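See below for the structure under consideration.
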Ligand code: GAL
């Protein structure tokens, strides 16, 4: 088996020129062996794992499928959706094989001189119930699959080769969405001195932060005696701008205040990051060095000014995201997250809620760098169950430690502006729940006095009566637009957060007639209409939230359910098969925007214009029939033409929620040809235009890569959107051709996804059908530089290929 040697470790202290080797951090990425199923004595050192699969971590064992209806078939009433009678549900957790036991094994070598050091084994998440063994002996266990946790393995290590084995187990009925399975986040080894800064021991806050001056407070928890700490602060160009030395500590904590004149304030628009380098000395010997990125910013929440960042009121333009990355499953991948967040940036979105669990470190790093406000959530369940084998089993034993680890591991991220202690917990009912809410909130406050705590509440009436809503720092309402005003009046905080909004459903490129508002609407093809008029029994249309956001100064923003589609929870088709992923996203599972994306973009992206027409204009068989046309635009009015004939001017008007935010021509009669919209300024002059044309037969393929230069690190990804066009280059919006993919050179085919929630084609097989004329192929770099070629072919279509470079 592959053995990793720790001499060649990366030194984390990239800032010092003459770095002494104080602390090394090694990601255990390559060389793991994996086995799905029980394996007796697999924790033993001499266990023979040669026949096990070779994998890299992060790894999600369930994403390779196959999709199977039987996997998550349940006969239940989902009470939080208001259901009373149990019905047979499928696809709720993605119908992927995440349940059961899985084993991972690897080895690493500790050279002689490392013995006597402190060694920490850190897991950034392990799905779930990890049991961790070193050299055949158990070093620890955890429960919650989303928690970050670590063990001090110094005592159990020996010089030379060490064997690490991890057993994981997922129960059925343990999730309401696809949770993934396995070591889906990083595992790392931290080797440091006994005298050192504690794990997550640095806490940086900015109690004063304005354009003139910042007071940067740095608390540093450490182990050892008679030590001194030097903290240096660098700006983003790596120029040192401050330094402070402290010899006095209390209870093994240094508490330093550093002044920074005319700081660059962090915000989504100006995501400026500073770096603090903390060096711990014993006499003249450097014992430890830790580098921490941070931002200088102030946050406040008040009845008077709502949410303020750096003294300016703003409303969250946020989305909720589950943690899966569509075709990659839950195996965390930074380039997939970066692409997701680039798409959200273009949307004008400025905030993310990690529904309903701890975010990955990678996502938080990107939020800091790219500029997103972050609502970091912890739990979907407390003590009362939503699903039989959910977090309720662990709450008593683990909740405090899980919150402590969440806060300590992530509290230096300027992006995090609020914690969430829970989502729609059934404990909203009854006095026990109020106590639990208070207890959890106080743990957050103890660990981090600088950020407020919310809970996403759906039982709003109950929380008004019990006092549950009143004790929270931030009352978060999930849906229930009709109760916002009452909640605002009854709750003492003086403001309301839309912690979860809309839950409108749609399938990319699919339109149903007549275009009309409907709740829990189902169609024989198990798709939902992209006229964006369909929602769930508990939810609403985007405009119902827009009105509250725009008209009520006491509403501090919204987090839309959801930014991207996710695996599992295929409402309204959770009783229909096949259907295995959500319809809620503004963007589909492949990362291709649906029409709804442009509705939000038209109000959120204030930098660039939005002018988007729907539906497509390929309606063979609908000739002469009414085919409504909607335009989502940042302009106030526009004129629509069908084959040059004016359909009249529409102007946004207050008569209905939809007419206030959409331009709608409901009586357009379909004839093939060209649909054209001309946007008008206040004076009625044309300012922009867009066209959609009826396409002919699929003829050629078109490939668009989000990035053509990749890092040769074995992890980087290019996302290539494949579409089919007719002879004249018009996109064919209904094409469903089966395509094949071949990657050659310094990379490999990773996965494909078409955004069709009913597709049972598995992502990692190099073939897939187009859905509404499109799909996305993911190509991954190798660890060696070189060129990579992706070739896409399909029957009767001209092949197409694209070259990428890995450097
Ligand atoms: C909410 C819940 C989410 C998701 C959503 C679907 O009630 O918090 O997790 O289930 O409904 O609309």
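How about the stretch 613-646: which of its residues are touching a helix residue (DSSP H, G or I) at 6+ places or on another chain (Cβ under 6 Å) and surrounded by 21 or more Cβ atoms within 10 Å (Cβ to Cβ)?
614, 632, 633 - these are the residues of the stretch 613-646 that are touching a helix residue (DSSP H, G or I) at 6+ places or on another chain (Cβ under 6 Å) and surrounded by 21 or more Cβ atoms within 10 Å (Cβ to Cβ).
Is it the case that the stretch 396-404 has a residue that's within 23 Å of residue 209 (Cβ to Cβ) and not in a loop (DSSP other than H, G, I, E, B)? Explain how you work it out, then say what you get.
The initial filter retains those residues of the stretch 396-404 that are within 23 Å of residue 209 (Cβ to Cβ), namely none.
Among the residues of the stretch 396-404, not one is within 23 Å of residue 209 (Cβ to Cβ) and not in a loop (DSSP other than H, G, I, E, B), which makes the answer no.
Does residue 580 count as in contact (Cβ under 8 Å) with a residue 40 or more places away in the chain, more than 16 Å from the ligand (Cβ to nearest atom) and either within 16 Å of residue 772 (Cα to Cα) or under 20 Å from the mean Cα position of the chain (by Cα) (or both)?
So residue 580 does not fit the description; no.
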From 721, 708, residue being in contact (Cβ under 8 Å) with a residue 40 or more places away in the chain and surrounded by 16 or more Cβ atoms within 10 Å (Cβ to Cβ): 721
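Restricting attention to the stretch 788-807, which residues are under 22 Å from residue 714 (Cβ atoms) and assigned to a strand (DSSP E or B)?
Restricting attention to the stretch 788-807, the residues satisfying the condition of being under 22 Å from residue 714 (Cβ atoms) are 788-791, 802-807.
Once the filter is applied, which keeps residues that are under 22 Å from residue 714 (Cβ atoms) and assigned to a strand (DSSP E or B), the stretch 788-807 yields 788, 789, 790, 791, 802, 803, 804, 805, 806.
Restricting to the stretch 588-612, name every residue that is under 25 Å from residue 67 (Cβ atoms) and either assigned to a loop (DSSP other than H, G, I, E, B) or within 16 Å of the ligand (Cβ to nearest atom) (or both).
From the stretch 588-612, those under 25 Å from residue 67 (Cβ atoms) are 588-594; that's our starting set.
Answer for the stretch 588-612, where residues must be under 25 Å from residue 67 (Cβ atoms) and either assigned to a loop (DSSP other than H, G, I, E, B) or within 16 Å of the ligand (Cβ to nearest atom) (or both): 588, 589, 590, 591, 592, 594.
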Go through the stretch 257-275 and report how many residues are within 27 Å of the chain's Cα centre (by Cα) and either part of a strand (DSSP E or B) or touching a residue at least 60 places away in the same chain (Cβ under 8 Å) (or both). 10
Suppose we keep only residues that are touching a helix residue (DSSP H, G or I) at 6+ places or on another chain (Cβ under 9 Å) and in a loop (DSSP other than H, G, I, E, B) within the stretch 501-510. Which one would you say is farthest from the ligand (Cβ to nearest atom)? 509
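Would you please name the residue that is farthest from the chain's Cα centre (by Cα), looking only at residues in the stretch 520-530 that are away from the ligand (no atom under 14 Å from the Cβ) and surrounded by fewer than 24 Cβ atoms within 10 Å (Cβ to Cβ)? I'd like the intermediate steps shown before the answer.
Filtering the stretch 520-530 for residues away from the ligand (no atom under 14 Å from the Cβ) gives 521-527, 529-530.
Imposing the further condition that a residue be surrounded by fewer than 24 Cβ atoms within 10 Å (Cβ to Cβ) reduces the set to 521-526, 529.
Details: 521: 28, 522: 28, 523: 30, 524: 31, 525: 29, 526: 26, 529: 25 Å.
Top of the filtered list is 524.
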For residue 694, which of the numbered conditions (1) at positive phi; (2) touching a residue at least 24 places away in the same chain (Cβ under 8 Å); (3) over 34 Å from the mean Cα position of the chain (by Cα) fails to hold? (1)
Just checking, how many residues over the stretch 540-556 are farther than 18 Å from residue 528 by Cα and within 11 Å of the ligand (Cβ to nearest atom)? 0
Anything in the stretch 312-340 that is in contact with a strand residue (DSSP E or B) (Cβ under 8 Å, 6 or more places away or on another chain) and either without any contact (Cβ under 8 Å) to a residue 60 or more places away in the chain or over 20 Å from residue 755 (Cβ atoms) (or both)? List them, or say none. 313, 314, 315, 316, 317, 318
Is it the case that the stretch 658-673 has a residue that's within 36 Å of the chain's Cα centre (by Cα), within 30 Å of residue 547 (Cα to Cα), without any contact (Cβ under 8 Å) to a residue 60 or more places away in the chain and not in a strand (DSSP E or B)? yes
State which residue is farthest from residue 148 (Cα to Cα) when the search covers only the stretch 352-382 and only residues that are part of a loop (DSSP other than H, G, I, E, B) and more than 15 Å from the ligand (Cβ to nearest atom). 371
Got at least one residue in the stretch 493-500 being away from the ligand (no atom under 13 Å from the Cβ), surrounded by 23 or more Cβ atoms within 10 Å (Cβ to Cβ), more than 26 Å from residue 618 (Cβ to Cβ) and modelled with pLDDT of 95 or more? yes
For residue 432, indicate whether it is free of Cβ contacts under 8 Å to residues at least 24 places away in the same chain, more than 16 Å from the ligand (Cβ to nearest atom), over 20 Å from residue 144 (Cβ atoms) and assigned to a helix (DSSP H, G or I). no
Taking the stated definitions as given, is residue 437 more than 16 Å from the ligand (Cβ to nearest atom) and surrounded by 20 or more Cβ atoms within 10 Å (Cβ to Cβ)? yes
I'd like the full set of residues that are in contact (Cβ under 8 Å) with a residue 40 or more places away in the chain and assigned to a loop (DSSP other than H, G, I, E, B), limited to the stretch 625-655. 625, 627, 628, 635, 636
Restricting the search to the stretch 56-89, which residues are surrounded by 15 or more Cβ atoms within 10 Å (Cβ to Cβ), in a loop (DSSP other than H, G, I, E, B) and within 16 Å of the ligand (Cβ to nearest atom)? 72, 78
When you look at residue 695, is it modelled with pLDDT under 95 and part of a loop (DSSP other than H, G, I, E, B), yes or no? no
Among the strands (runs of 3 or more DSSP E) confined wholly to the stretch 283-351, which include 3 or more residues that are more than 14 Å from the chain's Cα centre (by Cα) and either under 29 Å from residue 127 (Cα atoms) or at pLDDT 95 or above (or both)? 285-294, 299-302, 306-309
Within the stretch 448-489, can you find the residues that are within 14 Å of the ligand (Cβ to nearest atom) and not in a helix (DSSP H, G or I)? 454, 455, 456, 457, 458, 459, 476, 477, 478, 479, 480
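Can you pull out the residues in the stretch 557-571 that are more than 10 Å from the ligand (Cβ to nearest atom) and farther than 24 Å from residue 373 by Cα?
First pass over the stretch 557-571, keeping only residues more than 10 Å from the ligand (Cβ to nearest atom): 557-560, 563-565, 567, 570.
Listed by number, the residues that qualify are 567, 570.
The values are calculated or read from the model by the stated rules, or taken from the named source; none is laboratory data. Keep in mind it's a predicted model, so treat the numbers as computed, not measured. Every residue, glycine as well, gets a Cβ built from its backbone with ideal geometry; the counts of neighbours run over all protein chains shown.
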